[in-house]
2 protein chains.
Amino acid sequence: MISKKMEGLVKGSSVIRAMFEEGKQMAAKYGAENVFDFSLGNPNVAAPAEVNEAIMDIVKNTDSVKLHGYMSNVGHDEVRETIAQSLNKKYGTSYGKENIIMTVGAAGGLNVALKAILNPGDEVIAFAPYFGEYNNYVSNFDGKVVVVSPDTETFQPNIAEFEQKITNKTTCVIINSPNNPTGVIYSEDTLKKVGEILEKKQKEFGTVIYLITDEPYRELAYDGAIVPWVPKYYRNTIVGYSYSKSLSLPGERIGYLVIPHEADDFGNLVAAAGVATRILGFVNAPSIMQLVIGKCIDAATDISYYDRNRNTLYEGLIKLGFTCQKPEGAFYLFMKSPIEDEKEFANMAKTYTILLVPGSTFMCPGFVRIAYCVSYETVVNSLPKFAQLAEELGVKRDGSF
Amino acid sequence: MISKKMEGLVKGSSVIRAMFEEGKQMAAKYGAENVFDFSLGNPNVAAPAEVNEAIMDIVKNTDSVKLHGYMSNVGHDEVRETIAQSLNKKYGTSYGKENIIMTVGAAGGLNVALKAILNPGDEVIAFAPYFGEYNNYVSNFDGKVVVVSPDTETFQPNIAEFEQKITNKTTCVIINSPNNPTGVIYSEDTLKKVGEILEKKQKEFGTVIYLITDEPYRELAYDGAIVPWVPKYYRNTIVGYSYSKSLSLPGERIGYLVIPHEADDFGNLVAAAGVATRILGFVNAPSIMQLVIGKCIDAATDISYYDRNRNTLYEGLIKLGFTCQKPEGAFYLFMKSPIEDEKEFANMAKTYTILLVPGSTFMCPGFVRIAYCVSYETVVNSLPKFAQLAEELGVKRDGSF
């Protein structure tokens, strides 16, 4: 018999993942080219050539025990140092390997950070819309998610409500920018305000509040947009990073946490992250992929590919009368549902073999997420289908519906 | 501030891992060849050549999105099927891919299984001596470990005490054979009795009790010893496997769970394992290593290497008057401490640059674990040091001390 907590989770199993499975089945039935699967953030861009070159090189030239054996739970020293130096060059920081913990992707990193920090009953603030898995991660450690409602005009965090929702039980705040599902980059102004409020509330309550910033999309910013380095705006920041999107390696589970020296309880926090990595069963991030990262520190995915998708999709949808904000980063577009119940809308889209994720998955009903990390053909060929959908729903070309 | 639970864990952080760090430091200070580090189960045997050949082949011939992208949380279908067929050939079972869940090593697999099953307060029975991390894994999900005391004569499970300790709150039993730290293989007779008792107790309490068998050492059995396939003796068995030891890949974090069709609540259990893999932050086992396993299903590590270490170490220690049972499998030897406090003994050994793990780490004080997955030279050159240690302690050549 599975646990009670799991019963609920199995029933309501991630809508996104369920769609992934459904997409595979639809592709088998209708042919992959006839299914417009915008459901999952699974990059369609190949990993940069450097990645596979690095793998070959490492396999040829590394002693097997070093290559495939255990290392410290926090990861290979030299890889952590390489990452620290790369961040220093980019953000003018002064990190060393002691600030870097290699993790099993960002999902692994967030679980490690939350395990290190949360006591049962602690409150974790998240800004809607946000990646629904945060609810599960927080629940893993008996924390409680407190949701700040979305500002559906700008999709920047709702600062006034944020300030009101911080209590003496708040031990973490999670942000994600560039944002999944909106593609919005949290502005410097937003981050300054968030930092100021957190400093103020820490003093008011005599507590420590960590700001966990989930940044798998950090390198995916368009039109030269700058993604601010969050620890500059708040001392108690923990950065969670992943190479899943920036190097198209989501199946390999490789990322890292940054814990800056200036964070409260730094030494214990780093030690706790190491212990959490071990006892949660990760033990360490996969060795070969750590070494690959060490060699590919300057590699980058071809962002122009996503940018073309972004422009084509955005302009196409706007022309059809749909309402959405142009994404600034990541590879998601968050579109207003033409009907109130966006789940019904997503179901209607399915009849046109278009797979969209309902916004309620992100605590933001009334919208759908379109993951455009797909082939350009998928984007182009989906537009006539979106047109039929718009027509069925009476969406007007002037944007009203 | 780190969580209260973590404070204790950071302070008492794994003795084994602390030794790993200490061993690295001692090696830097005295030279690696002068440190006899028997502390960690980090195989010193290179991965079989097939592994690196498979990596090269996969990298050259696999589409990047397939190779490095997301797959179902439970793993690549074809790899799971390959593993199922391999088990069928070996054990006469009839598994399919639906019975196999790819995991981030056995540590990941055990966490997934426990997450799927445990309600807060549930009791999990473990037989001392056992791998101390089980305590943390169970605690992750608010379960309670109930320890069956060791039979220090045979190191087979203490069956009478086991039967007494099962209650209506017992939802899991964890076993590990070949055993870490003793090297003992649980006999067919033992497993039959364990299965019978569990069947009886399930009926008595009207409950379901899963037997989780942790088997990273399954392929490491000497002198032609047979490691029984546990699901044959008890229906509600979940097998946790890892390639860490059998293919010398501990840093790569690759293994699997087997959930047989005949297990109670089979469908939910498999679904829960998939969900647990996702929400615990593993998401999936590393993609490239999954594919490697698919290609290396018949590869095996060179067990004769460990066997030579085993014989040399065992015979050497016995000659010096130390007391221990000859290991039948794995690469550990569990030696009686010549003084009551085995922690003090381990500290004395350190002054001879010998690193041993105290048995209390395995809930079995009075013994030390010697991990002989080291170079043959380390074994050979450690024996004069052990001789000095024996002399200091007045260990007699006839075995008395």
*Kindly identify residues of region A:93-119 having a loss of at least 40 Å² in accessible area between the isolated chain and the assembly of all protein chains, probe radius 1.4 Å.*
A:LYS115, A:ASN119
*Which whole-Hz ³J(HN,Hα) couplings does region A:195-201 yield from phi under the Karplus relation 6.51 cos²θ - 1.76 cosθ + 1.60, θ = phi - 60°, glycine and proline marked x?*
x, 4, 4, 5, 4, 4, 6
*asked:* What percent of all Cα-Cα pairs in region B:237-321 falls into each 5 Å bin, going from 0 up to the bin containing the maximum distance?
replied: 3, 11, 15, 16, 15, 13, 8, 7, 6, 4, 1
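On alpha-carbon atoms, Rg over Rh for region B:103-152 using Kirkwood Rh?
Values: Rg = 11.1 Å, Rh = 11.2 Å.
So for region B:103-152, dividing Rg by the Kirkwood Rh gives 0.99.
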*Quick one: which bits of region A:129-151 get at least 50 Å² less accessible when the partner protein chains are in, versus the chain alone, with a 1.4 Å probe?*
A:ASN140
*Sequence neighbours fewer than 8 away in the same chain don't count; with that in mind, list the aspartates and glutamates whose C-alpha is under 14 Å from B:LYS192.*
B:GLU163
*What net charge is computed for the residues neighbouring B:TYR352, neighbours being all others with C-beta under 15 Å from the C-beta of B:TYR352, Lys and Arg scored +1, Asp and Glu -1?*
-3
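Ranked highest first by average number of other Cβ atoms within 10 Å, how do A:134-141, A:169-176 line up?
A:169-176, A:134-141
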*Which whole-percent values make up P(r) of region B:299-401 when all C-alpha to C-alpha distances are grouped in 5 Å steps starting at zero?*
3, 13, 24, 27, 19, 9, 3, 1, 0, 0
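Could you sort the peptides A:350-357, B:337-344 by per-residue average Cβ neighbour count (10 Å cutoff), highest mean leading?
By packing density, highest mean first, the sequence is A:350-357, B:337-344.
Hey, could you get me the Stokes-Einstein D for the protein assembly as shown, Kirkwood radius over alpha-carbon pairs, 10 °C and 1.306 mPa s, rounded to whole µm² s⁻¹? Show your work: numbers first, answer last.
Values: Rh = 27.5 Å.
The diffusion coefficient I find is 58 µm²/s.
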*For B:THR170, distant residues with modelled amide H under 5 Å away*: B:GLU123
*Given just the C-alpha atoms of region A:234-387, how large is their convex hull per residue in cubic angstrom?*
165
*Charge dipole of chain B about the Cα centre (unit charges at C-beta), most positive-ward option of B:THR167, B:ALA349, B:HIS261*: B:THR167
*How many nm is it between the label spots at B:GLU188 and A:LYS200, if each spot is 7 Å from the Cα in line with the beta carbon?*
7.5
*Simple spin-label model, 7 Å along Cα-to-Cβ: A:GLU22 to A:THR154 in nm?*
3.5
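Pop out the carbon and sulfur fraction of the accessible area of the protein assembly as shown as a percent, whole number, probe 1.4 Å. Don't jump to the answer; show the numbers that get you there.
On the way: 14060 of 27740 Å².
In the protein assembly as shown, the share of accessible area belonging to carbon and sulfur is 51 percent.
Mind grabbing the interface size between B and A? I mean buried accessible area, both sides, 1.4 Å probe, in Å² to the nearest hundred. Numbers along the way, then the final one.
Values: alone 17080 and 17100 Å², together 27740 Å².
The B and A chains share an interface burying roughly 6400 Å².
Just to verify a number: FRET efficiency for B:LYS232 and A:GLU98, C-beta to C-beta distance, R0 = 51 Å, to 0.05? Could you put the intermediate results ahead of the total?
Working: r = 49 Å, r/R0 = 0.97.
My answer for the efficiency is 0.55.
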*How far is helix A:15-30 tilted off the main Cα axis of chain A, in degrees rounded to 10, range 0 to 90?*
50
_Before I look further, what does region A:175-223 give for accessible area per residue, probe 1.4 Å, in whole square angstrom?_
32
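Please give the per residue accessible area of region A:5-66, computed with a probe of 1.4 Å over protein heavy atoms only, in Å². Don't jump to the answer; show the numbers that get you there.
Numbers: 3030 Å² over 62 residues.
Value returned for region A:5-66: 49 Å² of accessible area per residue.
For region A:217-279, what Kirkwood radius comes out of the mean inverse Cα-Cα distance, in Å?
Working: mean 1/r = 0.0739 Å⁻¹.
The answer is 13.5 Å.
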*Please find the FRET efficiency linking B:LYS29 to A:GLU53, where r is the Cβ-Cβ separation and R0 is fixed at 30 Å, and quote it to the nearest 0.05.*
0.20
*asked:* Probe of 1.4 angstrom, ligands and nucleic acids ignored: what's the accessible area per residue over region B:286-336, in square angstrom?
replied: 34
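Which whole number gives the average count of other chain Cβ atoms within 10 Å of the Cβ atoms across peptide A:266-279? The partial results should precede the final answer.
Working: counts 0, 2, 6, 4, 2, 7, 9, 3, 5, 10, 7, 0, 8, 12.
Rounded to a whole number, the mean comes out at 5.
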*How many Å³ per residue does the convex hull of the Cα positions in region B:125-273 occupy?*
120
*asked:* Using a Förster radius of 30 Å, what is the FRET efficiency between A:ASP298 and B:SER375 based on their Cβ-Cβ separation? Nearest 0.05, please.
replied: 0.20
*Each residue of region B:158-163 in turn: what ³J(HN,Hα) in whole Hz from Karplus with 6.51, -1.76, 1.60 and θ = phi - 60°, glycine and Pro shown as x?*
7, 5, 5, 5, 4, 4
*Residues losing 40 Å² or more accessible surface upon assembly, region B:47-73, compared with the chain by itself, 1.4 Å*: B:ASN52, B:ILE55, B:MET56, B:VAL59, B:SER64, B:VAL65, B:HIS68, B:TYR70, B:SER72
*Net charge, A:LEU291 excluded, C-beta distance under 15 Å - Lys, Arg +1, Asp, Glu -1*: -2
_Distances longer than 28 Å among the Cα atoms of chain A: what percent of all pairs is that?_
48
*Karplus couplings for region A:91-104 from phi (6.51 cos²θ - 1.76 cosθ + 1.60, θ = phi - 60°), rounded to Hz, Gly and Pro as x?*
10, x, 8, 10, 7, x, 4, 5, 8, 10, 10, 6, 10, 7
*Report Rg(Cα)/(2.2 N^0.38 Å) for region B:1-104, keeping two decimals.*
1.62
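The values are calculated or read from the model by the stated rules, or taken from the named source; none is laboratory data. Keep in mind it's a predicted model, so treat the numbers as computed, not measured. Using ideal geometry, Cβ is built from the backbone for each residue, glycine included, and neighbour counts are taken over all protein chains shown. Just so you know, the surface numbers come from the protein's heavy atoms only, side chains and all, with ligands and any DNA or RNA stripped out. Shrake-Rupley method; radii C 1.70, N 1.55, O 1.52, S 1.80 Å.
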